[in-house]
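The values are calculated or read from the model by the stated rules, or taken from the named source; none is laboratory data. The structure displayed is predicted, hence computed values, not measured ones. Cβ placement follows ideal geometry from the backbone for every residue including glycine, while neighbour counts extend to all protein chains displayed.
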Amino acid sequence: MSTGLPPLNTLVAFEAAARLHSFARAARELCVTASAVSHRIKLLEQHYDTKFFIRNKQNLALTHEGEVFLEAVLDALLILRSASSRLSRDRHKTIRINVSTALANKWLAHRLHGYYEQHGNARLEIRAVHHTALNELADLRSGEVDLAIRYCRSGDWRGFRKTRLMPVRIFPVCNPSYKARHKLKTPRDLAHATLLRSPRDPWAQWFRGAGLKNPPLAHGTEFSDAGLLLSAAIGGQGVALARDVLVEEDLAVGRLVRLFGHSIPADLSYYALYPAGKTLQPEIAALVNWLTEESQSRRT
């Protein structure tokens, strides 16, 4: 007799045959052949070197050993089915989102109460990632997350479906004391300022939009992460070219001030990404709809 555990399918076949008193009826319930059920029972009896059934033409009855073993199998299967159901419910309710740290901190986190007011039974898991991880969507491909939000072009991230959440406008911002100290009144005055830079929102396009033929040199630290860029501006390190969606609160409370009143549309927008060729679960589709409505209400 083996001391290890038998295959799970032998236990399932044993329980069905014992409950239905028939290999044939158990086979129909399990969507297999009667011979397959008989084979699984034989493997189980060989595993324990014990007969569990008394076989006759009219009926199938349990031996004493079979009755004892059935109680243990029923308990074990009940525990497994209960755990499986709980995991299924938890997975159904928890929506996992991969999003940049900057957007999660500056925009999404402050709006979650509105989502829960509409979807009180849902749960969100926000996986905020820094710039170095933004170029990878392996967790979305593998199913570890359900949705990703990216600042990109419509043609980026081929192989994924996209929903455009919001366009972006960009404009210069800085710490109020920095503005006063450097007397920043016109775009030309930026020649006397430190220009904090982002490779995704270059200063050159804003200068063109402001009509400067000979713009100031874009000298200053380059930041790969938009949140770090804004933190440097808040700390008085220079002038940042900011995305409107990321600076709403900082402008409202006075940590930053907007310069010159001129803004331009960014080349990139925020998109929700999800796997192509896969039907969205209702709760994920509802989240995408909420994100779209929330981003649209921001512009009204």
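The residues listed here are 163, 186; of these, the one that is farther than 30 Å from residue 137 by Cβ and polar (S, T, N, Q) is 186.
Every test in (1) surrounded by fewer than 20 Cβ atoms within 10 Å (Cβ to Cβ); (2) out of contact with any strand residue (DSSP E or B) (no Cβ under 8 Å at 6 or more places or on another chain) is passed by residue 246 save one, and that test is (1).
Restricting attention to the range 61-82, which residues are within 19 Å of residue 47 (Cβ to Cβ) and at pLDDT below 85?
Within the range 61-82, just 80 meets the criteria.
Of all residues in the range 30-67, those that are hydrophobic (A, V, I, L, M, F, W, C) and surrounded by fewer than 13 Cβ atoms within 10 Å (Cβ to Cβ) total 2. Residues that are among the aromatic types (Phe, Trp, Tyr), crowded, with 18+ Cβ neighbours inside 10 Å and in contact (Cβ under 8 Å) with a residue 40 or more places away in the chain are absent from the range 183-205 altogether. Kindly check whether there is at least one residue in the range 7-18 that is surrounded by fewer than 18 Cβ atoms within 10 Å (Cβ to Cβ) and hydroxyl-bearing (Ser, Thr, Tyr). No, the conditions are met nowhere in the range 7-18.
Within the range 162-174, at least one residue is in contact with a His (Cβ under 7 Å, 6 or more places away or on another chain), surrounded by 13 or more Cβ atoms within 10 Å (Cβ to Cβ) and in contact (Cβ under 8 Å) with a residue 60 or more places away in the chain.
Name every residue in the range 83-105 that is in a helix (DSSP H, G or I), within 17 Å of residue 115 (Cβ to Cβ) and at pLDDT 90 or above, in order of residue number. 103, 104, 105 - these are the residues of the range 83-105 that are in a helix (DSSP H, G or I), within 17 Å of residue 115 (Cβ to Cβ) and at pLDDT 90 or above. Within the range 245-291, the residues that satisfy the criterion of being closer than 22 Å to residue 98 by Cβ and of a type in the set (D, E, K, R) are 278, 283. Scanning the range 221-240 for residues that are crowded, with 21+ Cβ neighbours inside 10 Å and in contact with a Phe, Trp or Tyr (Cβ under 6 Å, 6 or more places away or on another chain) yields a count of 1. Residues in the range 13-59 that are touching a residue at least 12 places away in the same chain (Cβ under 8 Å), assigned to a helix (DSSP H, G or I) and not aliphatic (A, V, I, L, M): 14, 15, 23, 29, 38, 40, 47, 48. When the residues of the range 107-121 are narrowed to those that are within 14 Å of residue 297 (Cβ to Cβ) and aromatic (Phe, Trp, Tyr), which ends up surrounded by the fewest Cβ atoms within 10 Å (Cβ to Cβ)? Filtering the range 107-121 for residues that are within 14 Å of residue 297 (Cβ to Cβ) and aromatic (Phe, Trp, Tyr), the one surrounded by the fewest Cβ atoms within 10 Å (Cβ to Cβ) comes out as 115.
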